[in-house]
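Enquirer: Structure provided below as structure tokens; questions to follow.
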Amino acid sequence: MDSLLSILIWLPILGGGSVLLIGNNRGSLAKWASALISILVFILSINLFSDFDTTTSAMQFVEKASWISQFNIFYHLGVDGISMPLIILTTFSTVLVIIAGWEVIQNRVADYMAAFLMMEGIIIGVFSAMDSMLYYVFWEASLIPMLLIIGVWGGQNRVYAAIKFFLYTFLGSVFMLVSLIYMYNLGGSFAISDMQSLPLTLVQQGWIFWAFFLAFAVKVPMFPVHTWLPDAHVQAPTGGSVILAAIMLKMGGYGFFRFSLPITPDASSYFAFAVIVLSLIAIVYIGFVALVQKDMKKLIAYSSISHMGFVTLGVFALFSIMKMDSNGELLSIAGASIESAYLGLEGAMIQMVSHGFISAAMFLVVGVLYDRLHSREISTYGGVVNSMPKFTGFAVLFAMANAGLPGTSGFVGEFMVILGALQANFWYAFLAAMTLIVGAAYTLWMVKRVFWGPVINPEVSKLNDINSREFGILAVLAVAVLWMGVYPQPVIEVMHVSIANLLEQALTTKIPGML
Amino acid sequence: MMNFNFNISELIFVMPELFLLAAISCILLFDLYVKEEFKKFTYHLSQLALLITGLLAFNLIGESAIIFSGTFVLDTLGSTFKVFIASFSIIALVYSRHYLSVHGLLRNEYFILALMSILGMLVMVSGHSLLTLYLGLEIMSLSLYALIATARDRAFAIEAALKYFVLGAIASGLLLYGMSMIYGITGNLVIAEIASFASLASLEPQETLILNFGLVFLVIGVAFKLGAVPFHMWVPDVYQGSPTSVTMFLSTVPKIAAIALLVRLLIDGLSDFQHYWADLFMILAVLSIGVGSLVALTQVNIKRMLAYSTISHIGFVLLGFVTGVLEGYGSAVFYVFAYILMSLAAFGSIIVLNRSGFEADQISDFRGLSKHSPWFALIMLAVMLSMAGVPPFIGFYSKLFILQQVVSEGYVILAIIAVIFAVISAYYYLQIIKTMYFDDADKEIVVSAPLDLKVILSLNGALILLIGLTPGFWMNLSVSLF
């Protein structure tokens, strides 16, 4: 199909529009329509994977049409090995979220489903836009459905959380807008590929780098601009948390891959140490913060921040591993092998996909408990295994994955990043590896307090085990987590050539006169 | 003394104005002599008159002429502005009628006064001498003062009318003072003559000084009419005090005329002094964006909030004129059109909430709107996000184009200041969304609106999204005016 990406973007958006028209009074029709649309989109998106050419780093499934001609803005779509897995992650998570909300959402069902469908289309747009202005439009537009999801279907303190979420991310991205416009005025094009080849002095790159950094770091989120995330997660409905953790955070990570490294390579190298320090703080310090949480969702939110630290660490450790000599040959620093540079970047990508599965699963697990007892407090529970054995099985598996147990997807990404970081600097790897202890501590301690032990709350003993719908969702995620953990090769294969290309771009100086 | 030549064939170029004047006279007579049961047709006749005026103006697009001894100019900019004035006014009158009828204010003078002020705007748009411009401005302003006072039993409305009148008179005085300076040096009232006299190369330093002195007053006069800080004091009070339908009218169409005044006086007349007036506008723009964004945060009255939001939008418009390039002016005009479209929809949504004996003007009146009338809530959602500058709505593109021009002329710092305040202002737009979507209504509300209002408001809302998807055409159009 020539216009597969357009279909993937507009089918859910227009579908969401028609679900809105179905109206809240015909809730079950709205649910079935949404489920159908999301499954259809997922099946279509499989084509991206099956028809993908893994031997080229060029953009595939390209579509290009003029949009705003006087500013050279194009409706230009395409995917490479970096964005394609994220698009499939998006379509996959949306199906889960829509089915997960099936009985849980009673209030304004059609609106809820429509918001998630539109969100899906918009986020696919973010990952496939090849024109920075088109990218920005999707990037900002994604805030709107999320704002409403948190604000309308959220918990007690939802208004505060929704507005904080919106303003935080809005503030982060307006500076990106200014730097995009600035580069347009230098190069006369909003195309991302033109920006990637635009020569920039180190000072220009520095400003642009920090403008981008603010936008992406808020989204990832990195320490110290992470404070919106625990609020947003805790207040959002389960589906909102899943999409937020599984996909929206990846928009930040994707930004580093697509914008920061190729557009400002020298500044990225120059400031890499600062970013690595922030990543390590996120990994270690936020891990300890997670340890003391009383609220399960908050705990998982902090663990998300900690795990996303691996993504930024893996990306920026690159600059301590490799450099390029004047002949354009890749040289290693301090005897590292070229493979370890790949390890860092590919580990970061794997970590993003894997975190998408695991965080989605963890939030769904909390959602299952919350639907039954309407409490997210760890202290409400205890001994859940007695009344919900099947559920506990899944929960423990996902908890193990979250703690990075070998054989689960959580291990692969973190291990690759740590190996890469080890080549860069022993202490990076040492501090990052701390997470294997801290992560295990906060996750397993939560499991112990919620699932094992004596039943204190009489309500817990009356819990019903998961129904077949919940079983299905969790089983699919369990398969994904184990598959990624045992056999991540297909995902790595898909991205390998694109990562090689990115590596070259990131290590090639763009400073005029030094080319 | 200047010679006044009059050629009957030139009348073809003033057809829109002539027609509107004739129509106003006829409607006035019609309303005076017709039986009570036919009086409701005054509204329809007024709309028809506006429609024809708009079509006549549309017909003249592409023609250009300077007639009546240089005092009246017809160009693409003028004709296009007139078309937009007429079409936006039609929308405004549709919304107005509902408001007036639920509050028992429906008197036919309202429409006649509105038409009269529109006539003034048309004259301003084509004014090519200081005198024509001033006459147009006064026809417009005096009709607007009276329009506010049509709610004569409301104390707030009378206060607003008086305030607007007194401050407007001062502004006119300042403008006239500036004009007299210009006239004193150039010895001419016609813009083209002033322009050819006021070329920096041939001026004595003394003359430059006095022209500059006059220029400052011209800028103040324009800034006052636009409501730019620090000449904004009247805006919140007049917006709040006027009947909502008048506030809507006031905050939308006259801005086009004020921009035309700016274009004629400063860009056509004193283009060599661009450096001087652009610097003044830069200060006005930054102050307007800042004050507008910050003060709006604490408002509970939605009309007052929109007043401050207008001030900050005007700041963005002025940024476009700071750039001093045609694309910058084009972006500013695009911004004005986008702003008017959004403002109309915002006030339209407020008017929908009005019902007999209930004046909706508090933000809290929007509580739970998304539950009982999801469609209107959706429109208001789009308007608020658009005003905040969130894509894919029109308001984003208008900001984008302005910022693009500002950055390309090297004012990166201005762009950064503007976006920071755009984020701050997003907070109060979000408050409206929060009120509509996250809060529950205090009581059962039934929103009922006549069909024409519903249709026009829906179209209005749809345009905010649709132009957002195809902004290129409109931007091209705006740039091609200069």
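Enquirer: Given the conditions (1) within 14 Å of chain A (Cβ to nearest Cβ); (2) modelled with pLDDT of 90 or more; (3) over 30 Å from B:Asp268 (Cα atoms), report the number of the one that B:Arg367 does not fulfil.
Expert: (2)
Enquirer: For the structure I just gave you, tell me whether B:Phe396 is more than 30 Å from A:Leu21 (Cβ to Cβ), assigned to a helix (DSSP H, G or I) and of a type in the set (Phe, Trp, Tyr).
Expert: The answer is no for B:Phe396.
Enquirer: Looking for something part of a strand (DSSP E or B), of a type outside the set (S, T, N, Q) and loosely packed, with under 14 Cβ neighbours inside 10 Å - is there at least one such residue anywhere in the stretch A:65-72?
Expert: Yes - at least one qualifying residue is present in the stretch A:65-72.
Enquirer: I want to confirm something. Restricting to the stretch B:303-327 and keeping residues that are within 16 Å of the chain's Cα centre (by Cα) and of a type in the set (S, T, N, Q), which single residue is surrounded by the fewest Cβ atoms within 10 Å (Cβ to Cβ)?
Expert: B:Ser312
Enquirer: Quick test for you: out of A:Pro221, A:Pro199, A:Pro230, pick the one residue that is outside any helix (DSSP H, G or I) and buried (at least 24 other Cβ atoms within 10 Å of the Cβ).
Expert: A:Pro221
Enquirer: Next question. Taking the stretch B:451-476 as the region of interest, how many residues are away from chain A (no Cβ under 13 Å) and of a type in the set (Gly, Ala, Ser)?
Expert: 2
Enquirer: Just for helices (runs of 4 or more DSSP H) wholly inside the stretch A:355-460: which have at least 1 residues that are aromatic (Phe, Trp, Tyr) and under 20 Å from A:Pro488 (Cβ atoms)?
Expert: By residue number, A:389-403, A:409-424.
Enquirer: Here's a follow-up. Considering each of A:Ile99, A:Ile163, A:Ile149, A:Ile144 in turn, give the residue that is of a type in the set (A, V, I, L, M, F, W, C), crowded, with 24+ Cβ neighbours inside 10 Å and either in contact with a Ser or Thr (Cβ under 7 Å, 6 or more places away or on another chain) or not in a loop (DSSP other than H, G, I, E, B) (or both).
Expert: None of the other options fit; the residue is A:Ile149.
The rows are residues; the columns are (1) at the interface with chain B (Cβ under 10 Å from one of its Cβ atoms); (2) hydrophobic (A, V, I, L, M, F, W, C); (3) in contact with a helix residue (DSSP H, G or I) (Cβ under 9 Å, 6 or more places away or on another chain); (4) touching a residue at least 60 places away in the same chain (Cβ under 8 Å).
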{"position": "A:Ile163", "(1), (2), (3), (4)": "yes, yes, yes, no"}
{"position": "A:Tyr168", "(1), (2), (3), (4)": "yes, no, yes, yes"}
{"position": "A:Leu171", "(1), (2), (3), (4)": "yes, yes, yes, no"}
{"position": "A:Leu177", "(1), (2), (3), (4)": "yes, yes, yes, no"}
{"position": "A:Leu180", "(1), (2), (3), (4)": "yes, yes, yes, no"}
{"position": "A:Gly187", "(1), (2), (3), (4)": "no, no, yes, no"}
{"position": "A:Asp194", "(1), (2), (3), (4)": "no, no, yes, no"}
{"position": "A:Leu198", "(1), (2), (3), (4)": "no, yes, yes, yes"}
{"position": "A:Leu202", "(1), (2), (3), (4)": "no, yes, yes, yes"}
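Enquirer: I need a count of the residues in the stretch B:397-436 that are more than 7 Å from every other protein chain (Cβ to nearest Cβ) and either β-branched (Val, Ile, Thr) or closer than 17 Å to B:Phe334 by Cβ (or both).
Expert: Number satisfying all stated conditions: 17.
Enquirer: Name the helices (runs of 4 or more DSSP H) wholly within the stretch B:186-274 that hold at least 2 residues that are without any contact (Cβ under 8 Å) to a residue 40 or more places away in the chain?
Expert: B:191-197, B:205-226
Enquirer: Restricting the search to the stretch B:376-396, which residues are closer than 17 Å to B:Ile432 by Cβ and more than 10 Å from chain A (Cβ to nearest Cβ)?
Expert: B:Phe376, B:Ala377, B:Ile379, B:Met380, B:Val383, B:Met384, B:Ser386, B:Met387, B:Gly395
Enquirer: Residues in the stretch A:270-277: is at least one assigned to a helix (DSSP H, G or I), surrounded by 24 or more Cβ atoms within 10 Å (Cβ to Cβ) and more than 13 Å from the chain's Cα centre (by Cα)?
Expert: Looking through the stretch A:270-277, at least one residue is assigned to a helix (DSSP H, G or I), surrounded by 24 or more Cβ atoms within 10 Å (Cβ to Cβ) and more than 13 Å from the chain's Cα centre (by Cα).
Enquirer: Which is surrounded by fewer than 20 Cβ atoms within 10 Å (Cβ to Cβ), touching a helix residue (DSSP H, G or I) at 6+ places or on another chain (Cβ under 6 Å) and under 29 Å from B:Val479 (Cα atoms), of B:Met248, B:Met282?
Expert: Being surrounded by fewer than 20 Cβ atoms within 10 Å (Cβ to Cβ), touching a helix residue (DSSP H, G or I) at 6+ places or on another chain (Cβ under 6 Å) and under 29 Å from B:Val479 (Cα atoms) holds for just one of B:Met248, B:Met282, which is B:Met282.
Enquirer: I'd like to verify a number: residues in the stretch B:5-38 that are aliphatic (A, V, I, L, M) and under 30 Å from B:Val190 (Cα atoms), how many?
Expert: Counting residues in the stretch B:5-38 that are aliphatic (A, V, I, L, M) and under 30 Å from B:Val190 (Cα atoms) gives 11.
Enquirer: Could you go through the stretch A:125-141 and let me know if any residue there is small (Gly, Ala, Ser), more than 14 Å from chain B (Cβ to nearest Cβ) and more than 30 Å from A:His496 (Cα to Cα).
Expert: no
Enquirer: Can you name the number of the only condition in (1) modelled with pLDDT of 85 or more; (2) out of contact with any His (no Cβ under 9 Å at 6 or more places or on another chain) that A:His307 fails?
Expert: Unmet condition: (2).
Enquirer: Answer with yes or no whether A:Leu40 is among the aliphatic types (A, V, I, L, M), within 19 Å of A:Ile99 (Cα to Cα) and at pLDDT below 90.
Expert: Answer is no for this residue.
Enquirer: Further question on the same structure: Please state which of the following conditions B:Glu63 fails to meet, knowing it meets all the rest: (1) under 22 Å from B:Gly330 (Cα atoms); (2) modelled with pLDDT of 90 or more.
Expert: (2)
Enquirer: Scanning for something surrounded by fewer than 24 Cβ atoms within 10 Å (Cβ to Cβ), in contact (Cβ under 8 Å) with a residue 40 or more places away in the chain, charged (D, E, K, R) and at negative phi, does the stretch B:136-147 turn up at least one residue?
Expert: Among the residues of the stretch B:136-147, not one is surrounded by fewer than 24 Cβ atoms within 10 Å (Cβ to Cβ), in contact (Cβ under 8 Å) with a residue 40 or more places away in the chain, charged (D, E, K, R) and at negative phi, which makes the answer no.
Enquirer: If you scan the stretch A:54-83, which residues turn out to be aliphatic (A, V, I, L, M) and within 14 Å of chain B (Cβ to nearest Cβ)?
Expert: Result: A:Ala65, A:Ile68, A:Ile73.
Enquirer: In addition: List the number of the failed condition for B:Arg107; all other conditions in (1) more than 18 Å from B:Lys225 (Cα to Cα); (2) in a helix (DSSP H, G or I) hold.
Expert: Condition (2) is where B:Arg107 drops out.
The values are calculated or read from the model by the stated rules, or taken from the named source; none is laboratory data. Only a predicted model underlies this, so the values are computations on that prediction, with no experimental measurement involved. Counting neighbours? That spans all protein chains shown, and the Cβs are built from the backbone with ideal geometry, glycine included.
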